[in-house]
Amino acid sequence: MMMKEIDICSGQEIISRVVFGGGDCGDGLPACTLAEYLKPYPEVFTVIDANVAEKSPAASSVCAMLKERNIQLYAVEATEQSKNMETVLAICSWLMDCNAGRDALVLAIGGGITTDMAGFAASVYKRGVRFAYIPTTLLAQVDASVGGKTGVNFEQYKNMLGVIRQPEFTYVDIRLLGSLPYRDFLSGAAEMLKTFIIEDNGNYAGAVGMLKELHSSALQLCGNRDGALGQLTLSEVMMKAEAEWGMLSHLVAESIKVKAGVVSRDQFEGGERRKLNLGHTFAHAIETLARRQGDDLTHGEAVAVGIVMAARLAGLCPDIAPLHDCALAARLEADFMACGLPVKCPYDIPGMAEVMSKDKKAEGGKVHFVLPCAVGDVGIVDLSVAEACAMLNN
Ligand code: GLY
């Protein structure tokens, strides 16, 4: 039977797969069960976000299936503070205690923090054992769990230690998102919109259309109080909006397809993969300043602001401005706001510049700025932080 799968390749070789479970993926192909995907692996060890099993009925039914098969589970705290080598070493110690051999498959269930740490632990344990992911957030489904980036935070830097190594498979089941807080869903939605700005195929407008409907339903549900959005779950908002899970599933698959294509052409980020960092140079600085000042901001919210800043910079940068749609920044701003995402940078440009100049991705004083020319068309321009910030400050 033909299953819904997206391959990630290196040349002609398939190096990883994204597989879709749990129902209709919008194109009529049947879903495959997780149990079938696990069949070829003689020994499976599960690392799970401690919060996931109790909060998500769909994840707890996955756990019940694993327990029935005598698959052992190890729970980790999945926070930015615990995303460190200590947790990776704890996972390795647990694998040793379980006598996990070279044939082991480490199965990570959770958001991007859990998949990044478990993937890294599996990559170094006994010089590397196989691993697979079940992402339980939209952010992890469309971004973190696809493409092979693993790692942990080190000193003050995010994801400073890690390797690029591909999971055997990533199992995407849209039902796992039902209990996700709506604000976390929106955070992943920002990464999905980012992907469609890189490569559109008509999906950007479809995604914005769906997210606008969801946002107005979410506001109705919480009496127009933005601050209360976090208390809603995606299921509640989908139900109120009478939105179709099949449509969301289709958009998730389309977004993954774009990322899988980019990674297949440039696994180790020597060129094209840099495009996936659209909005992230600004977003990382915004997140650092938010942490310092105790401000509450999700990754996707910072990315949304970062994309709008990148679109403004594209209009100001002589290398790219002639190719740039001058209405783009305003269009993205209007779209993101209607979807419930922020667009204004809460920090001043000099403060941002100080943080961005320490970005680990700066090479020889230059940063690869990913600048959108239009929806579906982005370029990369190497600029110093000082050059970029001077343009934005004028
Ligand atoms: N999150 C960007 C990448 O995977 O390359």
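Taking residues in the stretch 216-235 that are polar (S, T, N, Q), and partners anywhere that are surrounded by fewer than 18 Cβ atoms within 10 Å (Cβ to Cβ) and outside any loop (DSSP other than H, G, I, E, B), the pairs with Cβ atoms closer than 8 Å and at least 6 places apart or on different chains are Ser217/Lys240; Gln220/Lys240; Gln231/Pro181; Thr233/Pro181.
Could you say which residue among Asp295, Asp325 is acidic (Asp, Glu), in contact with a strand residue (DSSP E or B) (Cβ under 9 Å, 6 or more places away or on another chain) and touching a residue at least 24 places away in the same chain (Cβ under 8 Å)?
On the way: Asp295 fails: in contact with a strand residue (DSSP E or B) (Cβ under 9 Å, 6 or more places away or on another chain).
On inspection, the qualifying residue turns out to be Asp325.
List the pairs whose first member sits in the stretch 337-364 and is modelled with pLDDT of 95 or more, whose second member is assigned to a loop (DSSP other than H, G, I, E, B) and of a type in the set (Asp, Glu), and whose Cβ atoms are under 7 Å apart, counting only residues at least 6 apart or on separate chains? Qualifying pairs under 7 Å: Pro346/Asp295.
The set of residues from the stretch 240-280 being among the polar types (S, T, N, Q) and either more than 9 Å from the ligand (Cβ to nearest atom) or assigned to a loop (DSSP other than H, G, I, E, B) (or both) comprises Ser249, Ser255, Ser264, Gln267. Here Tyr41 passes the criteria (1) loosely packed, with under 14 Cβ neighbours inside 10 Å; (2) closer than 19 Å to Val19 by Cα except the one numbered (1).
Yes or no: Thr115 on the phi < 0 side of the Ramachandran plot and in contact with a Pro (Cβ under 8 Å, 6 or more places away or on another chain)? Let's see the steps before the verdict.
Working: on the phi < 0 side of the Ramachandran plot: yes; in contact with a Pro (Cβ under 8 Å, 6 or more places away or on another chain): yes.
Spelling it out, Thr115 is indeed on the phi < 0 side of the Ramachandran plot and in contact with a Pro (Cβ under 8 Å, 6 or more places away or on another chain).
All of Glu43, Glu80, Glu68, Glu54 fail the test of being acidic (Asp, Glu), modelled with pLDDT under 95 and closer than 23 Å to Ala121 by Cα, apart from Glu80.
Please state which one of Leu105, Leu73 is touching a residue at least 24 places away in the same chain (Cβ under 8 Å), in a strand (DSSP E or B), surrounded by fewer than 24 Cβ atoms within 10 Å (Cβ to Cβ) and in contact with a Pro (Cβ under 9 Å, 6 or more places away or on another chain). Quick ask: steps written out before the conclusion?
Details: Leu73 fails: in contact with a Pro (Cβ under 9 Å, 6 or more places away or on another chain).
Going through Leu105, Leu73 in turn, the sole match is Leu105.
For the stretch 76-102, how many residues meet the condition of being in contact (Cβ under 8 Å) with a residue 24 or more places away in the chain, part of a helix (DSSP H, G or I) and more than 17 Å from Phe45 (Cα to Cα)? Matching residues across the stretch 76-102 total 1. Residues of the stretch 138-187 that are in contact (Cβ under 8 Å) with a residue 12 or more places away in the chain, away from the ligand (no atom under 12 Å from the Cβ) and either on the phi > 0 side of the Ramachandran plot or part of a helix (DSSP H, G or I) (or both): Leu138, Gln141, Ile174, Arg175, Leu176, Leu177, Tyr182, Arg183, Asp184, Phe185, Leu186, Ser187. Could you tell me whether any residue of the stretch 38-61 is in a helix (DSSP H, G or I), over 14 Å from Ala108 (Cβ atoms), of a type in the set (S, T, N, Q) and out of contact with any strand residue (DSSP E or B) (no Cβ under 9 Å at 6 or more places or on another chain)? Within the stretch 38-61, one or more residues are in a helix (DSSP H, G or I), over 14 Å from Ala108 (Cβ atoms), of a type in the set (S, T, N, Q) and out of contact with any strand residue (DSSP E or B) (no Cβ under 9 Å at 6 or more places or on another chain).
Among the residues of the stretch 281-304, those identified as among the small types (Gly, Ala, Ser) and more than 14 Å from the ligand (Cβ to nearest atom) are Ala285, Ala290, Gly294, Ala304.
Scanning the stretch 127-137 for residues that are outside any strand (DSSP E or B) and either away from the ligand (no atom under 15 Å from the Cβ) or at pLDDT below 95 (or both) yields Arg127, Gly128, Val129, Thr136.
The values are calculated or read from the model by the stated rules, or taken from the named source; none is laboratory data. Remember, it's a predicted structure, so these values are computed and weren't measured experimentally. Don't worry about glycine lacking a Cβ; one is built from the backbone with ideal geometry, like all the others, and counts go over all protein chains shown.
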